[in-house]
1. Using only Cα atoms, find the angle between the long axis of helix 25-38 and the longest principal axis of the chain, and express it within 0 to 90 degrees, rounded to the nearest 10.
2. Expressed as cubic angstrom per residue, what is the convex hull volume of the alpha carbon set of the chain?
3. I need to check one value: relative contact order of the stretch 10-61, counting alpha carbon pairs closer than 8 Å and at least 6 residues apart, in percent.
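Where a number appears in this text, it was derived from the coordinates with a stated rule and is not lab data. Keep in mind that this is a model prediction, so the values were computed, not measured.
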């Protein structure tokens with residue numbers, strides 16, 4: 001059984017992913033940051049928070065399909 005905290009983290013992460021796919025990176029960052037405030041070790045939220053930061057600086061094309069392409073190691 002999941003703890004209430006983990007359920008909250010999963011809910012915030014899911015909201016963040018939806019916003020991410022809609023290219024609303026600022027709001028998505030808020031959700032991922034809120035998830036990390038509850039669980040600082042949540043790896044998926046960390047990854048998507050960084051991707052949002054990247055896309056705010058360098059937005060994807062209008063026809064973006066949600067796929068993140070790494071351009072460096």
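1. 30
2. On the way: hull volume 7.1 nm³, N = 73.
For the chain, the hull spanned by Cα atoms encloses 97 Å³ per residue.
3. On the way: 49 pairs, mean separation 18.1, N = 52.
The value is 35 percent.
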